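Below: the structure, in structure tokens.
The values are calculated or read from the model by the stated rules, or taken from the named source; none is laboratory data. Fair warning: this is a prediction, and the values are worked out from it, not measured in the lab. Methodologically, a virtual Cβ is constructed for each residue, glycine included, from the backbone with ideal geometry; neighbour enumeration extends over all protein chains shown. These area figures cover heavy atoms from the full protein model, side chains too; ligands, DNA and RNA do not enter into them. Shrake-Rupley method; radii C 1.70, N 1.55, O 1.52, S 1.80 Å.
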Amino acid sequence: MRREIVLFIAAIALCACDRNPFTPKSATLYCGDSFRVTTKGVSEELLQSTNNFVASVDVSGMVTARHVGSAAITAYPYVLSDGTIAYDANNACEITVKPRHTYFTEPLMDWDISQEELIAKIGSAPDTTMVFNNESYSLSMLVFGDYYNGDSHGYIFVDNELRASNIVSRTASMEKAKNFMDERYEVTADYGEDIFYVNSYSNDATLFIILQEGEDEVGPVVAITYNPTPEKITIIDTTFYDVKRLGWRR
């Protein structure tokens, strides 16, 4: 009889702890995948995603993986004093979106650090240093990797503060690079050899990225340049990369 009482108490404790109405309570998806989440005692019409850029949910409970990252599907979101969305992790379905395409490793994007700080963080000296000068600024780029024959990461500094990072590849095709980027960022403009991306559906995006296909003195090249704000793209080319042309608003 005592054993039965203990088991009954344990069952009550288990029910009390598991109040999460979502099934499943977590899911790992690849970009483009979808599945239907179910809830107990909660209308699907109340469901929301904490990050629609990563994963969205419709009124039927259908979850769609959109970009690499993490999000949560919840029926109980609330807004903090600073305007950010929060949720009860005990009443949510945690979503992880993974990429199918992992050809590149993205460069560091610790904006405004110095060249010395970046080298210390990466832990090795650059293979190449390029220096450019004009009337308005002094620009230098540290290059890690095989810039002339393979793949490399470049770090562009203005007055010794990091303003942009890039990937330069002589081994990847434009198709591979586009597959990689489409899983992580959203296209804002596509001109064929030049494609522009952001990391948010809203005007609050923190990254403005350019994928380019071209050729230099060595041969064909694919380049991806990451910029922390649209204005800083003018460091690269003040004529062609006009943010107004892309309809950007901040």
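Brief remarks follow.
- Beta carbons closer than 7 Å, at least 6 apart along the sequence or on distinct chains, pair a first residue in the range 53-70 that is free of Cβ contacts under 8 Å to residues at least 12 places away in the same chain and surrounded by fewer than 21 Cβ atoms within 10 Å (Cβ to Cβ) with a second that is not small (Gly, Ala, Ser) and not in a loop (DSSP other than H, G, I, E, B) for 56/64.
- Taking the criterion of being modelled with pLDDT under 95 and farther than 20 Å from residue 20 by Cβ, the residues of the range 80-99 that qualify are 80, 81, 82, 83, 84.
- Sole residue being over 25 Å from residue 66 (Cβ atoms) and at pLDDT below 95, chosen from 239, 225, 229, 188: 239
- Restricted to the range 33-50, and to residues there that are open to solvent by 60 Å² or more (accessible area, probe 1.4 Å) and in a loop (DSSP other than H, G, I, E, B), the residue that is modelled with the highest pLDDT is 40.
- Residues of the range 71-97 classified as open to solvent by 90 Å² or more (accessible area, probe 1.4 Å) and under 21 Å from residue 57 (Cα atoms), total: 5
- Of the residues screened, residue 156 is one that is farther than 30 Å from residue 39 by Cβ, β-branched (Val, Ile, Thr) and touching a residue at least 60 places away in the same chain (Cβ under 8 Å).
- Single residue of the range 146-177 satisfying the filter (over 23 Å from the mean Cα position of the chain (by Cα) and within 16 Å of residue 107 (Cβ to Cβ)) that is surrounded by the fewest Cβ atoms within 10 Å (Cβ to Cβ): 150
- Taking the range 183-198 as the range and being out of contact with any Asp or Glu (no Cβ under 7 Å at 6 or more places or on another chain), of a type outside the set (Phe, Trp, Tyr), within 28 Å of residue 96 (Cα to Cα) and touching a residue at least 12 places away in the same chain (Cβ under 8 Å) as the test, the residues that pass are 183, 184, 186, 188, 189, 195.
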